[in-house]
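Every number here is computed from the coordinates shown, using simple stated rules; none is lab data. This one's a predicted model, so the numbers in the text were calculated from it and none came from an experiment. In this analysis, Cβ positions are derived from the backbone assuming ideal geometry, glycine residues included, and neighbour counts consider all displayed protein chains.
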Amino acid sequence: MSRITLITASVAIALGLAALVNVARAADPAPAAPRAAGFERMSRMCGDMDARMAAHMAYSETKLKLTDAQKVEFKHLAETMKEASAPMAKMCADKVDPSKFATLPERMGRMQQQAEIRAEALRKVVPAMSAFYASLSLEQQKIADDLMPGAGGRGGFGHGGRHGHGHGPMMMQN
């Protein structure tokens, strides 16, 4: 068989397989409802939020090997984060049925409400985080960049984190 014939046959097979995949996708109904999946994500995120925050903070404190002076700033940061997470905790406690937000404007309104809660939490947390971070040595800052929440690190907040979405002021990994 000539080289051109082999290439043509390969392309034809690839196109045929691609067409079969698309037919199978069209025949297979979409998953239940994206809203239900979002509700499940929100439920998982909300579950044990305080416990996850406390565990993450305890781990961070140990890993950073804080001095007594740094522990004062760290305690202030932890208290600020807990206070700032209260509105998100309240939203979590509401456990709203996803069918309540059936229309696009209703869902977008809920998304806006969540974004405003996160923005307000950040307005409270950023100054405390900045003060704590400034108290760290350069070596501790490098460790904190990987441990603590924030875009770019592995702490899991915003689009730079593991989840792809922020979840309250702590925005931690699971």
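Calculated FRET efficiency, Asp146 and Ala93, Cβ-Cβ r, R0 35 Å, to nearest 0.05?
Values: r = 32 Å, r/R0 = 0.90.
The value I calculate is 0.65.
Averaged over residues, the count of other Cβ atoms within 10 Å places the peptides 67-77, 103-113 in the sequence 67-77, 103-113, highest first.
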